[in-house]
Amino acid sequence: AGGSGGGGVLFYFNYGTNPDAPAPSGSKELGRTAEVAQTSVTSGTLTTGVWTQIAGFVSDTLDPNLEFLPAGLFDFNVWCRGTANVNAPTSLRVVVNKWDGTTSTAIATSGNAIVSNNGTSVQTAISLVIPQTDITPTDRLYVVLEAQATGSGHTVTVDFGDSTPSHVHTTIPSVGGTGVVKVINGVPQNPASLITDSD
């Protein structure tokens, strides 16, 4: 339902920035502007066969400010590395939730991506189909990165910002709301007033 509105919204995982309150415990900002400084988080030793939260990111207040989340494809690019081996790999997945200021409700969970096991972060791609979901304008997105080990002693490190800008491409319209959109020389006009036949 609906078009892209001029392109999908891009969100960055800003691990060095605290989110707007109220926010899920321990979460960081899911922001539209990327942090310049590089940050990272390393899990504790993962329990074999158990999905463990590595980091969570919640969007700002009144973002995305929609009455429904349109069906579409979210493409995640997560820079990460792990300590494992090819015979007992570690997996990474993404859970997309809506956050109403009190409660987190799961919308969709991705399939598993294998975490690279060298000393340098590798961009790991994960795609996730999002069903059309009713939300309120005050609901925010809450994205959780989880890892699972298939052997003992594994850890995962995820990097953010600078040359490792972990992020997600969404199919959320970059131009929201209803009614007429007026763009002049590529710049959306707000409000879209004074539209005439000459426009």
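The values are calculated or read from the model by the stated rules, or taken from the named source; none is laboratory data. Note that the structure is predicted; figures quoted are calculated from it, not measured. Cβ sites come from the backbone with ideal geometry, for glycine too, and all protein chains shown count toward neighbours. For accessibility, only protein heavy atoms count, side chains too; no ligands or nucleic acids. Shrake-Rupley method; radii C 1.70, N 1.55, O 1.52, S 1.80 Å.
How big is the C-alpha Rg of the stretch 62-169 next to the rule-of-thumb value 2.2 N^0.38 Å, as a ratio?
Computed over Cα atoms of the stretch 62-169, the ratio equals 1.18.
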For the stretch 39-81, the Cα convex hull volume per residue in Å³ comes to 150
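Over all alpha-carbon pairs in the stretch 1-77, figure out the percentage whose distance exceeds 18 Å. All intermediate terms of the calculation are to be shown ahead of the outcome.
On the way: 1576 of 2926 pairs.
Taking all Cα-Cα pairs of the stretch 1-77, the fraction more than 18 Å apart is 54 percent.
Can you give the % of DSSP beta bridges in the stretch 1-111 that are antiparallel, to the nearest 5?
75
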On each of the three principal axes the extent of the alpha-carbon atoms of the chain, given in whole Å and largest first, is 68, 33, 29
Dipole of the chain [Lys/Arg +1, Asp/Glu -1 at C-beta], most positive-end residue of SER110, VAL9, ALA84
ALA84
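Run the dipole for the chain about the Cα centre, Lys and Arg Cβ at +1, Asp and Glu Cβ at -1, nothing else charged, and hand back the magnitude in debye, nearest 20. Display every interim value, and only then the final one.
On the way: 7 positive and 15 negative charges, 102 e Å.
Value, rounded to 20: 500 debye.
Would you mind working out the accessible area per residue for the stretch 11-150, using a 1.4 Å probe, and quoting it in Å²?
Values: 6320 Å² over 140 residues.
Counting only protein heavy atoms, the per-residue value for the stretch 11-150 is 45 Å².
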Tally Lys/Arg at +1 and Asp/Glu at -1 over every other residue whose Cβ is under 11 Å from the Cβ of LEU145; what's the total?
+1
